[in-house]
Structure formats: C-alpha cells, structure tokens
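Enquirer: Before I ask anything, here is the structure I am working with.
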Amino acid sequence: MKIKKISNPFIINKNYYQNSILNVDCGEQILPIGKDGSGSSCNLASINLKLLYTSDIEKYPDNINWDMLDNIIKNGIDYLDESIETEQYFDKGIEKNQKYYRDLGLGLMGYADLLILKKIKYGSEESLKFIEKLMTFILDKSYKYSALRAKKLGKAPVYNDYELNPYYLNKCSKETIDLVNKYGLRNGKILNIAPTGCSIFETKIKTTDGIKSIKEILIENDINYIDLEKIGKKQWIDLKNSFNVININGEIQTVNRLFYNGYGAVNNIKFNDNTSFVGTNEHKFLVKSTEKEGYGYWKSVKDLTKSDEIIVDLT
C-alpha cells in the first residue's frame, strides 16, 4: 500500500517502556474510510480464555468448557452487533460507515494463563495444535452466530457491493457454511485479536520470583499507579525493590526502573486504498526498499513520507 496522506489529529494514546523496550499502541483492526473521507471506529471485546478451564474431565476431557465458550461467542456477537445500533455517535460519517460495514472485533485474552493451567509450554508443538483447535472453534461459531443474526436482521450492507472472501468460511463446519451461503453475514469483520498482551498496569511479567503484574510491582514499591494515570507525564520510575527477568537470550536481567510513556499525540496515516492507520510517532512499519529488490526495512511513523510503500501480509 502506498501512503496518501499523513496528519496529526492529536488523539491521546498511552504506551509503556520497560528497560527501554517500547510497547506501542494497537493496530489490530484496519478501519475503512468512506468515499467522502469519513472514518469509522473500533468495536472490540475479548474472551477471557482463562475462565474456560475446568476440572470436570468427565464432561470435558481436555479441561476446556466448550459449552461455555459457545455461549460466550454468541453473547459476544450479539452484544457487539447490537452496540452498533445503540451507540450515540458523535460523527455522522462514522455512524454511516459503522452501519454499512458493521465491523466487529471479537478477540481473546488469557491464552498464556490457560496454557499454564493446562500445563502446556507456550510456543510448543502441543500449544500450536491446541490454539489451532481453539481458534477454529471460535471462527466457526462466530460465523454461525453472525449468519443467524443476518437471518433475523439482514446481512451487512457491504455485502450488497462486495462478495465474501471464502478463505475463512471454508475452514468452518458444514452447518455454518450452509447458514452463511443462505443468509450471508451480519458483519463485515467478525474476529480481531486486540493487543491485550501489551503493557498496561494489569500486564503480567514473568520474573524469577514468579508471575507479577506491573500494578503489583508498583504497589510493592509504594508507587501510586492511579496518580501516574492522572498526571500522565512521561517519567522514569525508580524501583527500590528491583526484580529479575529472563531476557530473549535466556540471561537473567535486573530491572530497577520502568519508564511511563504518559500521554502523547498520534498520527493518522491514510493509504491509497482508502484504509487508514492511527499510531504514535514510535510505531514502526515495514517499508519497501527502493535500493534492493524484494527487501524491506523498519521505519518509524514520524519518518514516513508519501513516497513510502508499506509491505502488508495479506495471507
């Protein structure tokens, strides 16, 4: 995609640094832009996977309450879709686009917690097989309940102008495929994995003393995290009680201070296909190299120009 326009709407955003490593803002859902230039907004919710764990192995041999997950997905689709109608929009253009695309963003969180409960190593072959099974189930049920809402309330207007890409539909059950082929989908987008693992006060860090949240670490150091939010000022936070983590090289590293990134402006980037992205100056894109064919390099938002072409993986 080629950059068409870069502007700064001064939208508030917060990021965290830990030992100079920046955890930047989200970008999980590309928001469509209307023909008149009007924007749209995210519509997100996350399933807490940790809550699905059950010790009732007689009914659920793999310790996952699939019935609960089925019900959560249905309620999530219903809730997010209904919120499109009940939202009090501050901008008529956003309202028009939301009701045309009817995009949802049902995602998940707590995956690592669930693996811990199941005693599965994160990133192992067993964990990959498990997440494949889990996400196939979530995909299938999400499409099913969106199709059932389309049966009752009508499909998303975007499907009057564009055809559904069958790639993900073909991964669903025959029941769901038949429902979608008959009634369509109520929503242009259904699943999005928001960065619920980004560093916020509730984010958990694996230390050599066990798993702790940033909030717990601040409390242990007699630091009022609520005051940090109110002040919203960039600052280093010195810790009187340092802690150790294992870094990417497998080495023990001592953390004796954190950097709170406070509030800051973000940039609105519009691409030539009318999609857009909002990100901080520090957020990086993979940009096509003009010097070496087939190569790219990472470039911060603040350094982007209109001549840059962004490399996007559409597989």
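Enquirer: If I go through the stretch 248-262 residue by residue, how many of them are modelled with pLDDT under 80 and under 22 Å from ILE223 (Cα atoms)?
Expert: 4
Enquirer: Restricting attention to the stretch 160-178, and to residues there that are more than 26 Å from the chain's Cα centre (by Cα) and under 19 Å from ASP103 (Cα atoms), which single residue is surrounded by the most Cβ atoms within 10 Å (Cβ to Cβ)?
Expert: ASN160
Enquirer: Same structure, new question: Please state which one of TYR89, TYR60, TYR53 is hydroxyl-bearing (Ser, Thr, Tyr) and touching a Leu at 6+ places or on another chain (Cβ under 7 Å).
Expert: TYR53
Enquirer: Evaluate the stretch 224-247: report whether one residue or more is assigned to a loop (DSSP other than H, G, I, E, B) and either modelled with pLDDT of 90 or more or closer than 23 Å to ALA112 by Cβ (or both).
Expert: For the stretch 224-247, residues assigned to a loop (DSSP other than H, G, I, E, B) and either modelled with pLDDT of 90 or more or closer than 23 Å to ALA112 by Cβ (or both): present.
Enquirer: Residues that are closer than 19 Å to CYS172 by Cα: list the helices (runs of 4 or more DSSP H) wholly contained in the stretch 51-143 that include at least 2 such residues.
Expert: Here the list reads 66-86.
Enquirer: Ok, one more. Please state which one of GLU82, GLU28 is under 23 Å from the mean Cα position of the chain (by Cα) and modelled with pLDDT of 95 or more.
Expert: GLU82
Per-residue answers, yes or no, for (1) buried (at least 17 other Cβ atoms within 10 Å of the Cβ); (2) of a type in the set (Asp, Glu):
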site: LEU52; (1), (2): yes, no
site: SER55; (1), (2): no, no
site: TRP66; (1), (2): no, no
site: LYS74; (1), (2): no, no
site: ASP78; (1), (2): no, yes
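The values are calculated or read from the model by the stated rules, or taken from the named source; none is laboratory data. Values in this document were obtained by computation on a predicted structure and should not be read as measured data. Ideal geometry is used to build each Cβ from the backbone, glycine not excepted, and the neighbour counts take in all protein chains shown.
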